[in-house]
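The values are calculated or read from the model by the stated rules, or taken from the named source; none is laboratory data. Keep in mind that what you see is a predicted model, and the values were worked out from it rather than measured. As a convention, Cβ positions derive from the backbone with ideal geometry for all residues, glycine included, and neighbour counts pool all protein chains shown.
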Amino acid sequence: MASTKMKIKKSAEGGHDVMVLAKHPMETGLRKDKKTGEKIPAHFIKTMEFALNGTAVAQADLGTGVSTNPLISIHLANSKSGDTVTVSWVDNMGESDSAEKTVS
Amino acid sequence: MKRRIFLKGSVAASTLAVAAGAGLLSPTRVLAAAWPESAFGPRPEAEALEAFFGSSDVVESDEVSLKAPLQAENGAVVPIKVMTSLANVESIGVIVVKNPAPFTTGLEVMGGGAGAMYSARIKMGQTSPVNCYVKAGGKIYMTSQEIKVTVGGCGG
């Protein structure tokens, strides 16, 4: 159901830029359903972990203030061709997804 | 009737598959740091800083830069990019001062090699200063930019 996409681009300063697009509603918990008038419960990604060759390098903490379908990118200074980048996220309802890509 | 039984069976199977997937992912989750719950939510800026960085002593710095539009036509999707030339970045935090929950997002860096750049798309309820904080070598540096939000989308 969920799909997470990752792009890795070579950076001008060396290393690589990792860009992640996660499909997620990112509900704030403040919006109301137009038909029933009931509040839509909060549903958002909490943490997104980046790993280089299996070692965690960074963790993004997200809240309800991040847009629907979050597009997150970070810079990796020590990555080189052939390395594996893994990204995995967990939301407040326990759902999770991950993606893996090899640096070209 | 048979169709109903079949549907029931397939639903049960898919929940099992989800459970198995979650089980496989859990080892990486153990390594991850906990979500900083005390930083998020309707807390004033200083309190969120204290919770996320462990301090609210901040120095303004040219070495932190924020790339964001001066004017955002759609407050639901505002692209921001924090860049820094500082070495040994430990964490990055973004605070939208006038949002109901000011602390919007953060990045925690483990070990070297990451943290020179962090970008995300954020929601903004109204025109507000956006403050970016970078903690490096035990000190917190910040930069700020006001982003105008035009609800009508006429660019006015």
* For segment A:6-29, does any single residue satisfy the condition of being within 10 Å of another protein chain (Cβ to nearest Cβ) and charged (D, E, K, R)? -> yes
* Asked: Which of the residues spanning segment B:87-102 are over 20 Å from B:GLU47 (Cβ atoms) and modelled with pLDDT of 90 or more?
  -> B:VAL89
* **First in segment A:85-104 and more than 11 Å from chain B (Cβ to nearest Cβ), second anywhere and hydroxyl-bearing (Ser, Thr, Tyr) and outside any strand (DSSP E or B), Cβ under 6 Å, 6 or more apart** => A:VAL103/A:SER79; A:VAL103/A:SER81
* Are any of the residues in segment A:14-29 without any contact (Cβ under 8 Å) to a residue 12 or more places away in the chain and of a type in the set (Gly, Ala, Ser)? -> no
* **Complete set of residues in segment B:91-111 that are more than 7 Å from chain A (Cβ to nearest Cβ) and within 18 Å of B:PHE53 (Cα to Cα)** => B:SER91, B:ILE92, B:GLY93, B:VAL94, B:ILE95, B:VAL97, B:PRO102
* Asked: Can we say A:GLY82 is within 10 Å of chain B (Cβ to nearest Cβ), of a type outside the set (A, V, I, L, M, F, W, C) and either surrounded by fewer than 22 Cβ atoms within 10 Å (Cβ to Cβ) or under 30 Å from B:ASN99 (Cα atoms) (or both)?
  -> no
* Residues of segment B:69-81 being under 23 Å from B:ALA46 (Cα atoms) and of a type in the set (A, V, I, L, M), which ones? -> B:ILE80
* Based on what the data block shows, is B:LEU86 touching a residue at least 12 places away in the same chain (Cβ under 8 Å) and buried (at least 23 other Cβ atoms within 10 Å of the Cβ)? -> no
* Asked: Can you pull out the residues in segment B:52-90 that are closer than 23 Å to A:ALA58 by Cα, assigned to a strand (DSSP E or B) and more than 9 Å from chain A (Cβ to nearest Cβ)?
  -> B:VAL58, B:VAL64, B:SER65, B:LEU66, B:LYS67, B:ILE80, B:VAL82, B:THR84, B:VAL89, B:GLU90
* To do: Inspect all residues belonging to segment B:103-122 and state whether any of them is assigned to a strand (DSSP E or B), hydrophobic (A, V, I, L, M, F, W, C), modelled with pLDDT of 90 or more and surrounded by fewer than 20 Cβ atoms within 10 Å (Cβ to Cβ).
  => no
